[in-house]
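The structure appears right after this line, and notes come after that.
The values are calculated or read from the model by the stated rules, or taken from the named source; none is laboratory data. This one's a predicted model, so the numbers in the text were calculated from it and none came from an experiment. Using ideal geometry, Cβ is built from the backbone for each residue, glycine included, and neighbour counts are taken over all protein chains shown. The protein model used for the area step is the full one, side chains on, heavy atoms only, and it has no ligands, DNA or RNA in it. Shrake-Rupley method; radii C 1.70, N 1.55, O 1.52, S 1.80 Å.
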Amino acid sequence: MQPPTHLLLAQNGPLEWPEALFAYQLEGIQALMSHDALLLADDMGLGKTIQTIAALRLLILQRQVETALVILRAGLINQWRKEVQRWAPELRISAIRGPGAERTWQWTTGADVYLVSYETFRADFTDNPYSPPRRRVWDVVILDEAQTIKNRDAEISSKCKRLPRRRAWALTGTPVENNEDQLASLLEFVTPVEEDSAPRRLK
């Protein structure tokens, strides 16, 4: 029997947390854990990364999730790695970068959380269904700075939406612009799809 989520998140609970979580962060963690599809659009600097890592930690410990793929800016990979090590020290990390030969084993090494830049993901996701990002159905795919896919016709947008996934979380600190197509593009991603399913296109 796993302790309830609110107890796992408590500062004096069975899990150690490096800092006390704010009430709004606890609310965000609970929302992520309870939704297979979620657009988390907090202002910048409010801890979306921490909320996401904490939610992943609990879902993995509760065995609801085994593999998580985080697609992010290349310059943020080290920051995410440090935050995962700090907030979820028991989780195994694979940072996918470097020459193609190295990336091949990085995609397949045993890990709980895989970190990959948008550029590397775009290069490694090909039409071949056995290309590394497509070899499994991910339990959760997370887009950091999800405004990267606001252009629904861009190659990176299409590839992110074609990823087989059970959960889809999009994180953005950029205000949702007053443009229905850009908002629709983000919402199209947070619609989990199985392998060989066509991405949903909103009107």
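Points worth noting:
- Test: residue in the range 93-102 that is among the acidic types (Asp, Glu) and touching a residue at least 40 places away in the same chain (Cβ under 8 Å): no
- Some residue of the range 98-118 being part of a loop (DSSP other than H, G, I, E, B), over 26 Å from residue 61 (Cα atoms), out of contact with any Phe, Trp or Tyr (no Cβ under 6 Å at 6 or more places or on another chain) and modelled with pLDDT of 90 or more: yes
- Filter pass, residue 196 being outside any helix (DSSP H, G or I), more than 13 Å from the chain's Cα centre (by Cα) and modelled with pLDDT of 90 or more: no
- Residue in the range 50-59 that is in a loop (DSSP other than H, G, I, E, B) and either among the basic types (Lys, Arg) or crowded, with 19+ Cβ neighbours inside 10 Å (or both) present: no
- Members of the range 62-92 found to be in contact (Cβ under 8 Å) with a residue 40 or more places away in the chain, out of contact with any strand residue (DSSP E or B) (no Cβ under 9 Å at 6 or more places or on another chain) and buried (at least 17 other Cβ atoms within 10 Å of the Cβ), listed by number: 87
- Annotation note: of 143, 187, 202, the sole residue that is open to solvent by 30 Å² or more (accessible area, probe 1.4 Å), touching a Leu at 6+ places or on another chain (Cβ under 7 Å), modelled with pLDDT of 85 or more and not hydroxyl-bearing (Ser, Thr, Tyr) is 187.
- Just one of the listed residues (19, 27) is open to solvent by 30 Å² or more (accessible area, probe 1.4 Å) and assigned to a helix (DSSP H, G or I), namely 27.
- Output for the range 149-184, where each listed residue is in a helix (DSSP H, G or I), open to solvent by less than 30 Å² (accessible area, probe 1.4 Å) and at pLDDT 90 or above: 149, 156, 157, 159, 160, 161
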